[in-house]
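What follows is one structure encoded as structure tokens, with my remarks underneath.
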Amino acid sequence: MQIGILGVGAIGQLLAQQLAAAGLEPWLLPRVLPTANTLPLAQQGEEHVYTLELGDQSLQTSFLCLAQDSSKLKQLDLLLVTVKAYQVEAALEPVLPRLHPNCRILLLHNGLGPHQSLAAKLNDRPLSLGTTSQAALRLSSNHIRQTGSGLTQIGDLIGAPMPEVMKTALLNAIPGSQWSNAILEALWQKLAVNAVINPLTAIHRVNNGALAAPEFEGTICAILDELLQVAKQEGIALTFDVLHARVKEVIRLTAANYSSMYQDLKHGRKTEIDYINGYLQQRAEQYGLTLPINSELLAQIKALEPHG
Ligand code: KPL
């Protein structure tokens, strides 16, 4: 089984290291190749060394890196897409026509939305979705530090079910991973976590743990109430108590972390807000719902994003 990873940011590198440790030897499709550590040219690609820091250990692994037009893309059985939600469409555009028709796509990003625009372009190609609460910090283009472990859920969305051998290989390789037969519900739960934690930490410039303070409780409950109104219209079965408990648990487990949205704004990058609170807003409009708190958070993050 040959796995490719499109987008080699912190999570892409972390998964690559975990798959490699399980003997799966994934190929990487980085948008930018690391400049250092180039090993001798392999056929149609270059070997690059990537480093993972885990506690006081440092692990170095060499990966075959492919160009976006490599003919080796035809050999992939699974393409794991780990770019940000707003990069999914553009990142897949040059790659999709070069994949074998049976090559499965697995999207793994914060937020929701790209699976809907992608569905029309798949021509029966199977699509799976995933969500992860693992965390890693990118120290350079080929060097990361794992900063948090957490649940990873994977499930099928469109087309043929994932073959058992692929499922078992992924679940064995990724620590804390599980199969979900209701992946959209799992993604909506993660959407709730991100819709609360990401904008609030970015606006108030605090770490995730700060949201445990009583002053945030009212806003957290209001965001969840608004999300539940939209989820109900979408036919997604969620309850306030489950969502609230999940959000509180993630706040506790990732207390020392700075959310990805906080970090994006700190480094002058675009955020994933359009696919988190923006996605909720867009779906709400379809149903004639208004989400006052969500709209306010969306507007505040938009105002903090870099312009131009
Ligand atoms: O997914 C996250 C993010 O920062 O994007 C959480 C779970 C909130 C961890 O920081």
Mind checking which residues of the stretch 46-102 are among the polar types (S, T, N, Q) and in contact with a Pro (Cβ under 6 Å, 6 or more places away or on another chain)?
GLN68
Can you find a residue that is away from the ligand (no atom under 16 Å from the Cβ), open to solvent by less than 20 Å² (accessible area, probe 1.4 Å) and either of a type in the set (Val, Ile, Thr) or part of a helix (DSSP H, G or I) (or both) anywhere in the stretch 203-217?
no
On the given criteria, is GLY150 closer than 30 Å to GLN57 by Cβ and open to solvent by 20 Å² or more (accessible area, probe 1.4 Å)?
yes
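So is LEU112 touching a His at 6+ places or on another chain (Cβ under 9 Å) and either assigned to a loop (DSSP other than H, G, I, E, B) or open to solvent by 10 Å² or more (accessible area, probe 1.4 Å) (or both) or not?
no
When the stretch 268-287 is examined, which residues are found to be open to solvent by 70 Å² or more (accessible area, probe 1.4 Å) and modelled with pLDDT of 95 or more? Walk me through it before giving the result.
In the first step, residues of the stretch 268-287 are kept if they are open to solvent by 70 Å² or more (accessible area, probe 1.4 Å); the result is 269-270, 282, 285-287.
Once the filter is applied, which keeps residues that are open to solvent by 70 Å² or more (accessible area, probe 1.4 Å) and modelled with pLDDT of 95 or more, the stretch 268-287 yields GLN282, GLU285, GLN286, TYR287.
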Which number in (1) within 14 Å of the ligand (Cβ to nearest atom); (2) under 20 Å from GLN87 (Cα atoms) marks the one condition that PRO306 misses?
(1)
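Please specify each residue of the stretch 187-201 satisfying the condition of being more than 15 Å from ILE220 (Cβ to Cβ) and either of a type in the set (Asp, Glu) or open to solvent by 10 Å² or more (accessible area, probe 1.4 Å) (or both). Give the derivation first.
Step one: list which residues in the stretch 187-201 are more than 15 Å from ILE220 (Cβ to Cβ), which gives 187-188, 190.
Scanning the stretch 187-201 gives LEU187, LYS190.
Kindly provide the set of residues from the stretch 74-85 that are open to solvent by 30 Å² or more (accessible area, probe 1.4 Å) and modelled with pLDDT of 95 or more, ordered by number.
Residues of the stretch 74-85 that are open to solvent by 30 Å² or more (accessible area, probe 1.4 Å), as a first pass: 74-75, 77, 84.
Across the stretch 74-85, the qualifying residues are LYS74, GLN75, ASP77.
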In the stretch 145-176, which residues are charged (D, E, K, R) and farther than 25 Å from ARG252 by Cα?
ASP156, GLU164, LYS167
Looking at the stretch 156-180, which of the residues that are open to solvent by 20 Å² or more (accessible area, probe 1.4 Å), among the polar types (S, T, N, Q) and more than 25 Å from PRO101 (Cβ to Cβ) is farthest from the chain's Cα centre (by Cα)?
ASN172
Anything in the stretch 47-70 that is over 16 Å from ARG98 (Cβ atoms) and among the small types (Gly, Ala, Ser)? List them, or say none.
GLY55, SER58, SER62
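So which of LEU129, LEU118 is of a type outside the set (Gly, Ala, Ser), within 16 Å of the ligand (Cβ to nearest atom) and either surrounded by 14 or more Cβ atoms within 10 Å (Cβ to Cβ) or in a strand (DSSP E or B) (or both)? Give the derivation first.
Values: LEU118 fails: within 16 Å of the ligand (Cβ to nearest atom).
Result: LEU129 is the single residue among LEU129, LEU118 that is of a type outside the set (Gly, Ala, Ser), within 16 Å of the ligand (Cβ to nearest atom) and either surrounded by 14 or more Cβ atoms within 10 Å (Cβ to Cβ) or in a strand (DSSP E or B) (or both).
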Can you pull out every residue in the stretch 243-267 that is at pLDDT 95 or above, more than 15 Å from ASN198 (Cβ to Cβ) and either small (Gly, Ala, Ser) or exposed (fewer than 13 other Cβ atoms within 10 Å of the Cβ) (or both)?
ALA245
Name the residues in the stretch 218-242 that are surrounded by 18 or more Cβ atoms within 10 Å (Cβ to Cβ) and charged (D, E, K, R), would you?
GLU226
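Quick one: is GLU53 among the acidic types (Asp, Glu) and either in a helix (DSSP H, G or I) or over 23 Å from the mean Cα position of the chain (by Cα) (or both)? I'd like the intermediate steps shown before the answer.
Working: among the acidic types (Asp, Glu): yes; either in a helix (DSSP H, G or I) or over 23 Å from the mean Cα position of the chain (by Cα) (or both): no.
Here the answer is no, as GLU53 does not meet what is asked.
The values are calculated or read from the model by the stated rules, or taken from the named source; none is laboratory data. These numbers were taken from a predicted model, which means no experiment stands behind them. For neighbour counting, all protein chains shown are included, and Cβ atoms are generated from backbone atoms with ideal geometry for every residue, glycine included. Protein only, heavy atoms only, side chains kept; ligands, DNA and RNA dropped before computing areas. Shrake-Rupley method; radii C 1.70, N 1.55, O 1.52, S 1.80 Å.
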